[in-house]
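A.B. asks: To start, I am sharing the structure in question, which I have written as structure tokens.
The values are calculated or read from the model by the stated rules, or taken from the named source; none is laboratory data. All values derive from a computational prediction rather than experimental measurement. Don't worry about glycine lacking a Cβ; one is built from the backbone with ideal geometry, like all the others, and counts go over all protein chains shown. Protein only, heavy atoms only, side chains kept; ligands, DNA and RNA dropped before computing areas. Shrake-Rupley method; radii C 1.70, N 1.55, O 1.52, S 1.80 Å.
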Amino acid sequence: MAFFKSKEDRQVQVDFDHLPRHIAIIMDGNGRWAKKRGLPRTAGHAAGAENFRTIATYCKDIGLDYLTVYAFSTENWKRPAEEVGAIMGLLKKYLLEAIGRMERDRVKMEFFGDLSPLTPELRELCERTREISKHYEGCQVNICLNYGGRDELLRAARAYAQDCLEGRADPNHLGESQFSDYLFSRGVPDPDLVIRPSGELRLSNFLLWQSAYAEFYFTDVLWPDFSKEELHKAIAAFQGRSRRFGGV
Ligand code: IPE
Ligand code: IPE
Ligand code: MG
């Protein structure tokens, strides 16, 4: 058990022996963070990427098993090409650095989403990151890239139907765990806690299947300002909840 002073000078109590196993974060609010400072939106994305490094490292240090972050949605292609290009550039920079530090960090990295619309260079970097880190144990970070919950479910349904047509699957025996194996998140337990900074109170197509029994934590803090203290508050709130999963 550890106590922290939050900014409002309230004591926040985190039990590090009983952390949620899997935390998922919608990294939202980069644009508004930049706007508040009179900066271009791309500066907000750079600050957001920097904060992702800080929070991911911290999650590993405290012994979290799984961290999943929403970095780019299937809907984010609607943004101006310049902004999309800047986000992809930051991603490339992050992956190159991550590959350079991999031996030290030993974090297993996965990607959820359809990577095919990315440039061949980015796809190759994602593949290399995944390949080098696949045997690491302890902490797994999943980056949702061109990810959409509905897209994931449609792909799963299509792949499953194909397996049925080709005799590899039998619809009479489809259960939740078999279906989960068709999702990008196969093998990863469902998130216990989903955090959305920036004040928006919606899922925006994030982990629709996997969040069935997740606890939600919303805060007005914008993602680049979402510090370790904010994470402590989210975990402390989670630890104060009663999860019943439909029982009593
Ligand atoms: C999240 O920040 C980053 C991505 C969606 C890629 P936003 O860019 O959505 O920031 P706001 O919501 O406009 O402030
Ligand atoms: C969700 O944020 C996607 C990511 C954070 C990557 P958005 O900013 O795209 O979501 P909406 O448009 O506010 O729902
Ligand atoms: Mg947003």
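A.B. asks: For the stretch 155-175, does any single residue satisfy the condition of being open to solvent by 70 Å² or more (accessible area, probe 1.4 Å) and of a type in the set (D, E)?
C.D. replies: For the stretch 155-175, residues open to solvent by 70 Å² or more (accessible area, probe 1.4 Å) and of a type in the set (D, E): present.
A.B. asks: What's the total number of residues in the stretch 166-191 that are of a type in the set (G, A, S) and either touching a residue at least 60 places away in the same chain (Cβ under 8 Å) or within 16 Å of ligand 3 (Cβ to nearest atom) (or both)?
C.D. replies: Number satisfying all stated conditions: 1.
A.B. asks: Now, a different point. Can you list residue pairs whose Cβ atoms sit under 8 Å apart, with the first residue in the stretch 118-139 being touching a residue at least 60 places away in the same chain (Cβ under 8 Å) and farther than 20 Å from A24 by Cα and the second being hydroxyl-bearing (S, T, Y) and not in a loop (DSSP other than H, G, I, E, B)? Count only pairs 6 or more apart in sequence or on different chains.
C.D. replies: From the stretch 118-139, no pairs qualify.
A.B. asks: Something else: Give the residue, chosen from V194, V221, that is open to solvent by 30 Å² or more (accessible area, probe 1.4 Å) and either within 16 Å of ligand 3 (Cβ to nearest atom) or polar (S, T, N, Q) (or both).
C.D. replies: Just a single option satisfies the conditions, and that option is V221.
A.B. asks: Filter the stretch 51-88 down to the residues that are in a helix (DSSP H, G or I), of a type in the set (D, E, K, R) and more than 26 Å from K134 (Cβ to Cβ) and list them by number.
C.D. replies: K78, E82, E83
A.B. asks: Residue by residue through the stretch 110-133, note down the ones that are in contact with a strand residue (DSSP E or B) (Cβ under 9 Å, 6 or more places away or on another chain) and within 20 Å of T57 (Cβ to Cβ).
C.D. replies: E110, F111, C126, T129, R130, I132, S133
A.B. asks: Suppose we filter the stretch 30-63 for residues that are surrounded by 15 or more Cβ atoms within 10 Å (Cβ to Cβ), under 19 Å from I143 (Cβ atoms) and among the basic types (K, R); how many remain?
C.D. replies: Counting residues in the stretch 30-63 that are surrounded by 15 or more Cβ atoms within 10 Å (Cβ to Cβ), under 19 Å from I143 (Cβ atoms) and among the basic types (K, R) gives 1.
A.B. asks: Can you go through L203, L183 and tell me which one is open to solvent by less than 30 Å² (accessible area, probe 1.4 Å) and farther than 17 Å from I55 by Cα?
C.D. replies: So the residue among L203, L183 that is open to solvent by less than 30 Å² (accessible area, probe 1.4 Å) and farther than 17 Å from I55 by Cα is L183.
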